[in-house]
Amino acid sequence: MKLKNKWLNKIPPIIQHTGPKTMQLVRAQGKFGLGQVPHHSAPDQTTSMVCGFCSTGCSLNIHIKDNQAVNITPDSEYPVNIGMACPKGWEALEPLKADDRATTPLLRKSKDSELEEVSWETAMQHFQEKFKAVQATHGDESVAFISTGQIVTEEMAFLGALAKFGMGMKHGDGNTRQCMATAVVAYKQSFGFDAPPYTYQDFEQSDVIILIGSNLCIAHPIMWQRVERNKLNPEIIVVDPRTTETAVAATQHYPIMPKSDLIFFYGIARILIKNGWIDQQFINSHTTEYENFAKHIEQFTPEMVAQQSGISIEMLEKLALTIHKGENVSFWWTMGVNQGHEATRTAQAIINLALMTGNIGRAGTGANSITGQCNAMGSRLFSNTTGLLGGHNFADPAHREKVARILEIDAACIASESSLAYDQIIQGIHDGKIKGLWVIATNGAHSWIHQDRYKEAMQKLDFLVVQDMYSTVESAEHADLLLPAAGWGEKDGVFINSERRIGLVKKVALAPGLALSDFNIFKLVAQYWGCGDMFKKWSSPEKVFQLLTEITKGQPCDISGIKDYKMLDEVKGIQWPCTEEDIGNLAIQNERRLFADGEFYHPDGKAKFIFSDLTPLAELTNTDYPFILLTGRGSSAQWHTQTRTKKSAILRKLYPKFIYIEIHPLDAEKLNIKSNQVINVSSRRATVAATAYISTSVQTGQIFMPMHYAKANRLTHGSFDPYSRQPNYKYCAVNVTL
Amino acid sequence: MLELLDPKSVDTPESNLIDSLLTEQKELSAVERFSQQHENITKPTQAPSYKDLIPIKKPSTGEQYSFSVDLDSCTGCKACVVACHSLNGLDKTESWRDVGEIISLDTADKQTVTSTCHHCADPGCLTGCPVGAYEKIPDTGIVRHLDDQCIGCQYCSLKCPYDVPKYNKDLGIVRKCDMCHDRLAEGEAPACVQACPTGAISIKLITTEEIRENAKKQSSIIAGAFRSDYTYPSTVYTSSRVLSSTMTAADEHSLQPSHKHTPLSWMLILTQLSVGISVADFMARWIAPEWSLDLQIPLTVISVILGLVGLSSSVFHLGSPLGAWRVFLGLKTSWLSREIILFGMWMPVLLIYAAITIASQSNIISPDWLPQRGSSWILMSGSAVLTLGIISVFCSIMVYVDTKRAFWSLGKTSYKFVGTLLLGGTTTLLLSSLVFHEQTPGSLWVIFVIGLLWKTLSETVSLLYAKQATWSMSKKSALIQLHSLRSTLLARWSMMALSVIAILLTIYSPLFAVIAILAMLIGEFLERQIFFQAVVTLKMPGNLER
C-alpha cells in the first residue's frame, strides 16, 4: 500500500493549485494591526516615524524583522496622513540599499586626481587643516557652509552652532533658500514671526480653497487627500499658468500669465475693496497699514490686470465674488509664488487678501504657505543661518545673551550680523572672497539656478567638502573631500512639518560601511577643530532636542512643554507652540492653528499690510528666445534632484526616463515637432536636448520642464527676490528648435 | 584598505571618538526605546478607512467582485502602483497596477487612469491558456492565475486586450493581479484600495448581466481601451465629467516596437517552410512522378530537419517547460493548445513518411514487398502529412488571429504564413531541380516567381497604411515598421534580394543553393520578427514615453 501511494504521489496533478511559485505570494496575518502582509517579510516588531521626503510629514509604520527594516506601510493613526502615503513614502527604505552609498571618506589629494578612500582620521585632519589654512590666509569669513532642509533638527542646530560659534564661520545658508525663504520673510514682515498659521484640518473645513502656484495633487498628494475628505463641497480654485493635475480636479482655474501673480492679487484686492467685500472690523482691530495698502492698489484697475494676467475682467470678478461668498476662505501657496522675482510681495499680497477679508485664525481659513522639504520648518527655526537658534535674532543682544547662557558658551562667540545668503555666497566665491565651502545633504550642482555658474564657482574653491549619502551625487564631482553620511532611517531626531508639527525620526536601519550620521560627523569635526569642549553637552540627538526646547522658552515657537522623544512618540507629533500648559489639552485637540485670538507677533500685536510697486522681470522673451520656461515638479514618484528616488526600481517605472518638456500643440505644429521627438531647448546660458511631449497643459508661448533632471537648471536665469533672495525658477526665456 | 587602519592613530582621544561613534552608529535602539504599538492587535487599524470601499456581503450566484474607479478622485499620484508592489512582496520592478492618462488635444482635457486586471466575464487569458493555468473562481469571479501550472508561454499576454499578465523572467511564468483574494476573504481591502489617498478605487459587486449590458452601452470601459465585447471586463470607471469620445491614450502615438518572441519566429517559419516543402514534394510526386523521383529524399530530409528544429525551438520560448505535457487541457478553447497537439501529431507522421520515402528508394527492404504496399503507404502517409501540416499551419494562423490585433488579422496573417509556406515549397523545389537535374523546366521558375510575388506583396501592402490620413492600428504598425524597425526592414529585403541572386547563380555552381537557402531562412526570420514587433500591443492607456 505504501509503495503504491509513494508512486502515486510522484505523479504531478492535472491542475497544480499550489506549489513553490504560488507560495511566494502567500500572505501572513501581520500582527500589530497591520492586516495581511507578504509572509516572507512579516515583521516581528514595528515602530512608526515621519517620512523623510516632503514636508507633509506623513507617519510610516516600519516593519522590522530580525532587526532589519523590511517593509513600510502608512501609519493609520497619525493625524497627518491617516493611513495614507504617496509612492515615495512607500519606497522610503529602498534608497538606503543602493549600491552607490558612500561608505568611506573620499579624498582628492590634488585638483587633477581622483577621489581616493581614506580613513576618518585622515579625512578629519585634512578637513581642519585645509579650512583653517583658508581662514588664516583669507579671513574667518572665507569659509562658508551650505546646510539643508532634509536632516534632523538636532543636526541642523549642531551644524549651525558648530560652524558659527565654534569654527568662526560667518556665512552659512541652506537649500531652504531655494524653496521657503520667501514665505519666511513674508511672514516675518507681515505677522512679526515666521509662523505658518494652519493645521491640515483646515483643508477639510474650508469652503473656498484657493491653491496658488501649488500642484497639490502631485507635490503634496496626502494634503490633497485632506481636500478630498472635505464634505462641504468646497470651491477649489487653482491659480497657475499650467493646467496641472490639480487644476483638472479643481472647480475654477485661473491660468494667469507666468509671474503676473502680484498684479493679479492686487487686482483682486481692489475689486474686493470697491465692492466693500472686506471685514472692516477685523482690519481695524488686528491690522495696520490698511489705508496705505488700499491707496496703493487703486492703480491696478481690472482692465490693466486683465491685460497683464490674461484673465478676463469677468473671471476676475468671479474670483472676487467667490472669495466674498465663502464663509471660511483659505489661501494656500507654495513654489509657484515663492520662486519668483517679486515673490515676497506676492506672498504678502496673498496674506493681505486673508487679512482684509478676516479669513485668518478660524477653522478652514488662513494665508497658508505649504512647505517643501521634510524639515525645512526645522531649518527655519534651528539652522542658525538667517535666524539665531530658536527663531531668535542675531542682531538682538538680549537674544544672544539668552542663547549663550543656555548653551553655556561665551556670548561673544555669537555674531551680531546675519550672514550672506546662498546666492551671495556663490557670488562671493566668484569674487574670490569665499575660498572654502562645506556642503551638507544638498545637491546644488543639480538644483541651484544657472547651473554652469554654480559649477564654475565650485572649481574656484580652494577646498570643497561635500557631506552626502551617495558618492555619485552630482555635487561630489568637484569635491575635494567627501564625507559619507547616514540617511533617514539610520539616525534619531525630529522633523517639523508644514503645519508646525514636530515628529520623530528613528534609527531602524544600519548605515553601510563607515558612514556616520551627520550628528556624529559634527561631533568629530568639533573634536578635530578643537572646539569639542563647547559642545560637550551635545552628547546625543535627544539631549540636543531638549536644549533646543529650552532655548525656545518665551518665543512664539515655544516647545518647552515637550519633555522628550517618548512624549512625541506617544502623543503622535506635537505642533508648536507647546508649553507645559498646552500638553494637557493635546489629548482632546492635537490639530491646532494660530491667531485664533487675532494676536500677531509684532510688538503692537497687529498684522501689517505690506505692499510695493511691481518690479520688471530680469529676463524677458524676445524673437531669439520667444518661449517662457516654467519649471516645477514632474510626478509624485520623483523627489527633487532624485538622489534618492531614482534608486528605487519601481519608482523609476513611474516617470519618463529622459528629460522632457511639455509644449502646446499649436506651437509644436508651427515648429514641425512631433510628439516624443527629441528637440533642443536653449536659453542665453546653455542648450539642452529634451524629448517634446505635446500637451495642452501649457499655454502657447510657454513650455514646462520638470526640475528633476540634472540639465534643467543649465537653462534657468539667476535672478533673485530682493527681500528673500530666493531664486526665480519660474520664468526665463528660451527657444525651442529641432 | 591599509589607509583605513591608520597605525599612528592608536589611542588618541580623536581616534577613540571615531571608534565610539562608529560603534554607536551600528547600534539599533529604536524598537527598545520607543513604544511598541499594537503588539497584540490582530484587527487591521486601517480597516475603518476602507470599510466603505469593499462590499459588506460576499457575491451571490451570478455576481462577482469588480473594481470600480472614481475618476474624479484619481489624481495620478501612483500610490496604488507602489502599494501593490509592497503589500504583495513583488519583485523589484513588478507591480500589477498601472497608471496612465487619456488626453484630448482639441478640448484640452486630460484624465489619469489607474488600471489592473479587469477580471473579465469571458477572460482572454483563460480561454487562450493551453494548460488551464487560469481559473475564474465561482464564488468571487476573480480570475486567478495558477503560478505552478503555468508554462510561461505568454500566450495569455497576447490574448489579453489590456496587457495584464506580465512575464516574470526569474520565475519563468507570468503573474498578474488576483484582486488580493485572500485579503477580501477576510474582509480586508485589496492593497490598491487600501492605499489610494482619495479612495478612488473600490470593490463593488456586479452581475454577469450588468457586465454584458455595460459592454453594449459603452464600446469600451474607457477611452483608449479595447472594445468590451471581446472579453467582457468587469471594471467600471465613473466620472461626473463627460470624458469626450475623442479622448485617446497619452501613449497612443508611441512607436515603441512590441516584444520580439524570437524562438516563436523560428518555430513559425521553420514549421511553415517544412509544411511548404511537403506540399511541393507531394504535388511534384503527383504531377511529375518520374521527374521528381530523385528529389524526394532531399526534399523530405530538409522538411524533417526544418520541422524538428522549428518545434524544438518553440520549447525555448517556454519559461517553465516541464508542465507542457498538460497542453491537452486547453483544447476546448485555445488555438495554441490545438496548434501544439496538431504539430505534435504531424511530426511523427512526417518522420514515418520520410522513413518510407528513404526506404523505398534504397535497398533496405526487399523490392518484392514494396511495390505492393509501398505506394499506398506513401500515398496514405503523404496525405496525412499534408493534411496535418496544413491544419497545423491553420492553427498557427488562428493563434494570432484570435488575439484580435489588427496587424494579425486573418487576411494579413494567412497571407504571410501561407506565403512562407509557398515560398519555401517553390524555392526548395526549384533549388533541388537546379542542383540535381541537368535542366530545369520553365514552369518551375514561374511558380517560384509567383511564390516570391505573393510573399513580397503580403509584406509591403501593409506599409501603405502609413500614408493614411486617419490614425488607426494599421497605420501605427506601418509607421513602426518604417521608423522604429527600419534597419530590420532593410535587412529583411536585403536577404530576400540576396537569396534571389544566389538562386540565379546556382546555374553556375550548386554551392549558391546553400547561400540561397540560408539567405531565405534569415530573410523569413526577419519578416517574422517584424510580424511580432510591428503589432500594436493592446493595452490600457499609458503615459508619455517611459
Is the stretch A:543-607 rounded, prolate or oblate when judged by the Cα gyration tensor, a ≥ b ≥ c being the square roots of its eigenvalues, rounded requiring a/c under 1.5 and prolate requiring a/b larger than b/c?
oblate
Applying the gyration tensor rule to the Cα atoms of the stretch A:145-291 (axes a ≥ b ≥ c; rounded if a/c under 1.5, else prolate if a/b exceeds b/c, else oblate), the class is prolate
More than 23 angstrom separation, counting every C-alpha pair in the stretch B:441-546; what % is that?
39
Top to bottom by accessible area (1.4 Å), largest first, where do A:Asp396, A:Asp613 land?
A:Asp613, A:Asp396
Cα convex hull of chain B: mean projected area in nm², to one decimal?
39.4
Of every hundred units of 1.4 Å-probe accessible area on the protein assembly as shown, the number belonging to carbon and sulfur atoms, as a percent, is 58
How do A:Glu291, A:Glu298 rank by accessible surface area computed with a 1.4 Å probe, from largest to smallest?
A:Glu291, A:Glu298
Go through the stretch A:245-265 and flag every residue whose accessible area shrinks by 20 Å² or more with all protein chains in place compared to the isolated chain (probe 1.4 Å).
A:Glu245, A:Val248
SASA check, A:Lys647, accessible area w/ 1.4 Å probe, all protein chains in place, rounded to nearest 10 Å², comes out at 40
Rounded if a/c is under 1.5, else prolate if a/b is larger than b/c, else oblate: which is the stretch A:199-242, with a ≥ b ≥ c the root eigenvalues of its Cα gyration tensor?
oblate
What accessible area per residue, rounded to a whole number of Å², is obtained for the stretch B:57-192 using a probe radius of 1.4 Å?
28
List the cysteines in chain B whose Cβ has no other cysteine Cβ under 4.7 Å from it.
B:Cys74, B:Cys77, B:Cys84, B:Cys120, B:Cys129, B:Cys150, B:Cys153, B:Cys160, B:Cys180, B:Cys196, B:Cys395
FRET efficiency for B:Ile450 and B:Val309 from the Cβ-Cβ distance with R0 = 30 Å, rounded to 0.05, comes out at 0.65
Of A:Lys491/A:Lys523; A:Lys553/A:Lys608; A:Lys435/A:Lys730; A:Lys491/B:Lys92; A:Lys491/A:Lys566; B:Lys58/B:Lys204, which sit over 20 Å apart, Cα to Cα?
A:Lys553/A:Lys608; A:Lys435/A:Lys730; A:Lys491/B:Lys92
Might you report the magnitude of the Cβ-based charge dipole of the stretch A:408-520 about its Cα centre, with Lys and Arg at +1 and Asp and Glu at -1, to the nearest 20 debye?
280
From the backbone phi of the stretch A:591-605, what are the Karplus-calculated ³J(HN,Hα) couplings (6.51 cos²θ - 1.76 cosθ + 1.60, θ = phi - 60°) in whole Hz, Gly and Pro given as x?
10, 10, 10, 9, 6, 4, 8, x, 8, 9, 9, 5, x, 8, x
Largest-first principal axis extents of the Cα set of the stretch B:174-259 (Å):
42, 33, 28
Note to self: C-alpha centroids of the stretch A:684-738 and the stretch A:123-174 sit apart, in Å, by 32
Estimated buried accessible area (total), pair B and A, 1.4 Å, Å² to nearest 100
8400
Dipole of the protein assembly as shown, positive direction: furthest Cα of B:Thr426, A:Ser206, B:Ile501, with charges on the beta-carbon
B:Thr426
Residue-averaged [θ]222 nm for the protein assembly as shown, counting only DSSP H segments that reach four residues, each worth -39500 (n - 2.57)
-11500 deg cm²/dmol
If every Lys and Arg gets +1 and every Asp and Glu gets -1 at its Cβ, then about the Cα centre chain B yields a dipole, in debye to the nearest 20, of 1640
Tell me the Kirkwood hydrodynamic radius of the stretch A:390-481 in angstroms, computed as one over the mean inverse distance between distinct C-alpha pairs.
15.1
The relative contact order of the stretch B:477-546, taking Cα pairs under 8 Å that sit 6 or more residues apart, comes to a percentage of 40
For the table A:Lys674/B:Lys136; A:Lys507/A:Lys647; A:Lys21/B:Lys455, the rows whose alpha-carbon distance is greater than 32 Å are A:Lys674/B:Lys136; A:Lys21/B:Lys455
Proximal aspartates and glutamates to A:Lys111, defined as alpha-carbon separation beneath 18 angstrom and excluding residues fewer than eight positions away on the same chain:
A:Glu129, A:Glu456, A:Asp462, A:Glu474, A:Glu477, A:Asp480
Can you tell me the relative contact order of chain B? Whole percent, Cα pairs under 8 Å, sequence separation 6 or more.
18
Protection proxy (average C-beta count within 10 Å per residue), highest first, orders A:545-552, B:281-288 as A:545-552, B:281-288
Whole-number accessible area per residue in Å² for chain A, which is evaluated in the context of all protein chains at 1.4 Å:
33
So which aspartates and glutamates can A:Lys606 reach, going by Cα to Cα under 18 Å and dropping same-chain residues fewer than 8 places off?
A:Asp194, A:Asp279, A:Glu289, A:Glu291, A:Asp597
Mind giving me the FRET efficiency for B:Arg486 and A:Glu599? R0 is 56 Å, r the Cβ-Cβ distance, nearest 0.05 is fine.
0.20
Between A:Pro541, A:Ala515, A:Gln555, whose Cα lies farthest towards the positive end of the dipole of the stretch A:509-563 when Lys and Arg beta carbons carry +1 and Asp and Glu beta carbons carry -1, centred on the Cα centre?
A:Pro541
Solvent accessible area, Å² - A:Arg684, 1.4 Å probe, full protein context:
110
Dividing the mean separation of Cα pairs under 8 Å (6+ apart) by the residue count of the stretch A:379-424 yields a relative contact order in percent of 30
Starting from the Cα gyration tensor of the stretch A:263-385, multiply each eigenvalue by 5, take the square root, and state the resulting semi-axes largest first in whole Å.
26, 18, 14
By Kyte-Doolittle mean hydropathy of at least -1.0 and Cα axial length of at least 30 Å, which whole DSSP H helices of chain B are selected?
B:262-287, B:335-361, B:369-401, B:410-436, B:511-533
Cα-Cα pairs above 45 Å in the protein assembly as shown: how many percent?
47
Calculate how many DSSP beta bridges within chain A are antiparallel, expressed in % of all such bridges and rounded to the nearest 5.
50
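The values are calculated or read from the model by the stated rules, or taken from the named source; none is laboratory data. All figures in this text were calculated on a predicted structure; none of them were measured in a lab. In this analysis, Cβ positions are derived from the backbone assuming ideal geometry, glycine residues included, and neighbour counts consider all displayed protein chains. Surface accessibility is based on the protein's heavy atoms, side chains included, excluding ligands, DNA and RNA. Shrake-Rupley method; radii C 1.70, N 1.55, O 1.52, S 1.80 Å.
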